[in-house]
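This report refers to the structure that appears directly beneath it.
Taken together, the values in this text are just the output of simple stated rules run on the coordinates, not laboratory data. Just so it is clear, the model here is predicted, and its values are computed rather than measured. Don't worry about glycine lacking a Cβ; one is built from the backbone with ideal geometry, like all the others, and counts go over all protein chains shown.
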Amino acid sequence: MFRLMCVTAHPDDEAASFGGSLAIYHDRGVETCVVCLTPGQAARNRGSATTDEELSSIRRKEFASACEILKVTRPVILNYPDGKLYRQDLYKVVCDLTLEIRRFRPQVMLTFGPEGGLTAHDDHAMASVFAMLAFQWSGRNNRYPDQLKEGIGSHRAQKLYYATANFTLEGRPPVALAPITTVIDIGDHLETKISAFRAHVTQAPLWSLFESHVRPRGKQEMFHLAASTKPCAIEHETDLFAGIEETD
Ligand SMILES: [Zn+2]
């Protein structure tokens, strides 16, 4: 069985940045997992919520609905504070992600680039840093050895990708994007991705802006191969699982 894990920062990232790939790899029989680090409680668009707790609980449900549309096998939201990932204890966040990797045992992982994606969001940047360390450390027995019991063993995912793009957004802080190594044709799952984004009802003020960016750019998601267990020169890829070996 092939397994794909995606590490994000906010509910709606899974749809906006990875939705087409999550849906298309589900169609190909791959089990998928999204680990979202925050419940999005600091969002500017808050629907009917009057407190952070209320917004968290609404956004957890919206995330569940979006993941249902994307047919995510294992949706997980952790409880870190939205907007403050750079203030968290790195060793603790990486510990939580390492445990998720050791449980789900993905061969391939996706996350943002350390620039923070097209929006340059600090939380996206930190999700990238945490995910990269967890990717490296989950395979080492001397990292979080207390996790290695009751059927949980160390696990090496084989490839890690950053989401990237062939454009930047105006009016956002400058970003230096990772070069494109991998282009996934998401076909009609462009529509699935847009519906999954629309499952985030509190974020309705962003729907039309999102569509105006993704529709004209077509049916592709772009990634950068950031790490691989097989030392290699960069080749242009059209499949995240190219060269991947099936593992338990
Ligand atoms: Zn986000």
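Brief remarks on what is shown
- Dimensions of region 33-132 along the principal axes, based on C-alpha atoms and rounded to the nearest Å, stand at 39, 31, 26, largest first.
- Of the residues Ala125, Leu70, Ile234, the one whose Cα sits farthest towards the positive end of the charge dipole of the chain is Ala125 (charges of +1 on Lys and Arg Cβ, -1 on Asp and Glu Cβ, taken about the Cα centre).
- The calculated 222 nm mean residue ellipticity attributable to helices in the chain amounts to -11000 deg cm²/dmol, summing -39500 (n - 2.57) over DSSP H runs of n ≥ 4 and dividing by all residues.
- Label reach from Arg215 (point 7 Å along Cα→C-beta): in region 167-193, amide nitrogens under 13 Å belong to 191.
- Region 102-155 - convex hull of the alpha-carbon atoms, volume per residue in Å³: 79
- Per-residue Cβ neighbour counts within 10 Å put Ile180, Ile234, Ile186 in the sequence Ile234, Ile180, Ile186, beginning with the fewest.
- At q = 0.11, 0.12, 0.13, 0.19 Å⁻¹, base-10 log of I(q)/I(0) for region 98-245 (Debye sum, equal scatterers on each alpha carbon): -0.51, -0.60, -0.70, -1.24
- Region 10-74: proportion of alpha-carbon pairs further apart than 16 angstrom, %: 45
- Length released on extending from Thr51 to Val201, taking residue separation times 0.36 nm less the Cα-Cα span: 52.3 nm
- Cβ-Cβ FRET estimate between Ala176 and Ile234, R0 fixed at 22 Å, reported to 0.05: 0.80
- For chymotrypsin sites (Phe, Trp or Tyr not before Pro), the sites in region 155-187 that DSSP calls loop and that have at most 16 other Cβ atoms within 10 Å are Phe167.
- From phi via Karplus (6.51, -1.76, 1.60), per-residue ³J(HN,Hα) for region 170-179 in Hz, x at Gly/Pro: 6, x, 10, x, x, 10, 9, 7, 6, x
- Cα-centre dipole for the chain with unit charges at Cβ (Lys and Arg positive, Asp and Glu negative), debye to 20: 320
- Amide H contacts under 5 Å for Phe2: Glu31, restricted to partners 5 or more places along the chain or on a different chain, H placed in the peptide plane at 1.01 Å from N.
- Computed over the chain, the P(r) curve from all C-alpha pair distances, binned at 10 Å from the origin, holds 8, 33, 39, 17, 3, 0 percent per bin.
- Scalar couplings 3J(HN,Hα) for region 203-219, obtained by applying the Karplus form with A = 6.51, B = -1.76, C = 1.60 to θ = phi - 60°, are 9, 3, x, 9, 4, 6, 4, 4, 4, 5, 7, 7, 4, x, 8, x, 9 Hz; x denotes Gly and Pro.
- Computed from backbone phi, the HN-Hα couplings of region 61-74 come to 5, 5, 4, 4, 5, 4, 5, 5, 4, 7, 6, 6, 5, 9 Hz, rounded to whole numbers (Karplus: 6.51 cos²θ - 1.76 cosθ + 1.60, θ = phi - 60°; Gly and Pro given as x).
- Amide H partners (placed H, <5 Å) of Thr182, local residues excluded: Phe223, Leu225, Glu237
- Amide proton proximity set for Gln220, modelled H, under 5 Å, gap of 5+: Ile186
- By the count of neighbouring beta-carbon atoms within 10 Å, fewest first, Thr8, Thr182 end up ordered Thr182, Thr8.
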